[in-house]
1. Which one, Glu81, Glu221, Glu16, has the greatest fluctuation when you compute a Gaussian network model over the chain with C-alpha springs under 10 angstrom?
2. When the Kirkwood hydrodynamic radius is evaluated over all pairs of different C-alpha atoms of the stretch 125-240, what value in angstrom, to one decimal, is obtained?
3. If you rank Ile15, Ile203 by fewest surrounding Cβ atoms within 10 Å, what's the result?
4. Tell me the net charge near His136. Cut-off is 11 Å between Cβ atoms, His136 excluded, with +1 for each Lys or Arg and -1 for each Asp or Glu.
5. Which FRET efficiency value, to the nearest 0.05, do you get for Ser93 and His25 by plugging their Cβ-Cβ distance into 1/(1 + (r/R0)^6) with R0 = 22 Å?
6. Which values, in whole Å and largest first, are the semi-axes of the equivalent ellipsoid of the chain obtained as the square root of 5 times each eigenvalue of the Cα gyration tensor?
7. Average projected area of the Cα convex hull of the stretch 38-141, in nm²?
8. Take the chain, connect every pair of alpha-carbon atoms lying under 10 Å apart with a spring to form a Gaussian network, then pick out the residue of Asn102, Asn114, Asn42 with the largest mean-square fluctuation.
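Just so it is clear, none of the values below were taken in a lab; they were calculated from the coordinates. What you are looking at is a predicted structure, and each value in this text was computed from that prediction instead of being measured. Every residue, glycine as well, gets a Cβ built from its backbone with ideal geometry; the counts of neighbours run over all protein chains shown.
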Amino acid sequence: MNIAMIGYGKMGKTIEQVAVSRGHHIKLKIDLNNLDDFNQINFNDIDVAIEFTGPHTAYNNILKCLEYKTPVVCGSTGWLEHISDVENKCKSSNGSFLYASNFSVGVNIFFEVNKKLAQLMEGKNQYDISIREIHHTQKKDAPSGTAITIAEQILSNNTSKQHWVNDHPSSKEELYIKSERIDPYPGLHEVTYSSEIDEIQIIHNAHSRDGFALGAVLAAEYVANRKGIFTMKDVLGFGN
């Protein structure tokens with residue numbers, strides 16, 4: 001495949017290494033230094049775009065890819081108030097779009113375990129639930145998009161919490177997400193169910209960015225010849 005990388009920071013460079021190792025070509029690299037290259041002509045021979053920028057640029061970048069009839073995979077977080085607009089644009093243009101708060105295969109398995117555990121703990125009110133996430137100091141958003149996904153899965157499957165907070169909770173109905181920024185952490189996510197007599201934890205601890213990069217390339221391979229709106233559950237065959 002011919003891939004356009006939109007955002008060429010540490011994550012973009014890791015994705016490039018993985019993509020090349022799988023026989024793909026990075027035909028175009030867009031960053032702050034060459035924004036004029038983000039145009040229709042340069043996208044004419046692009047099979048798929050992988051977007052990893054930030055919360056303030058992702059939305060417009062995705063819309064441009066859809067306008068150029070280029071399937072787009074997005075890993076930027078912090079912009080999801082606009083996702084319904086993107087999905088509508090994707091449908092109206094018969095495009096291809098895949099968003100994930102985290103592309104790691106391991107994290108997506110963790111998501112499935114998280115949902116199941118939340119269901120099992122429904123009604124076990126002696127347990128309080130909390131989330132902890134650690135990332136490197138350059139991460140622009142807190143809590144992480146992955147932590148928000150984890151929180152929303154818990155809220156959808158366990159009625160003991162009503163909404164999440166990123167500060168110390170003021171009531172038992174608030175689900176606490178503790179965010180820490182420590183270099184050079186690639187990413188740790190931890191869910192804890194704690195009672196006076198015991199504690200249950202599930203943890204995903206990334207050793208490097210390679211797992212995220214591989215998942216992003218797998219997602220790009222999946223959407224390149226498909227039309228529609230997809231998630232990592234589609235890529236990994238988890239079903240509904």
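1. Result for the chain, Cα springs under 10 Å: Glu81 fluctuates most.
2. Numbers: mean 1/r = 0.0625 Å⁻¹.
Averaging 1/r across every pair of different Cα atoms and inverting gives 16.0 Å.
3. Working: Ile15 30, Ile203 11.
With the fewest neighbours first, Ile15, Ile203 line up as Ile203, Ile15.
4. Values: positive: Lys10, Lys139, Lys140, Arg181, Arg209; negative: Glu180, Asp183.
The answer is +3.
5. Numbers: r = 25 Å, r/R0 = 1.14.
According to the calculation, E is roughly 0.30.
6. Details: eigenvalues 231, 64, 52 Å².
Equivalent ellipsoid semi-axes, largest first: 34, 18, 16 Å.
7. Numbers: hull surface 36.0 nm².
Answer in nm², one decimal: 9.0.
8. Top of the fluctuation ranking is Asn42.
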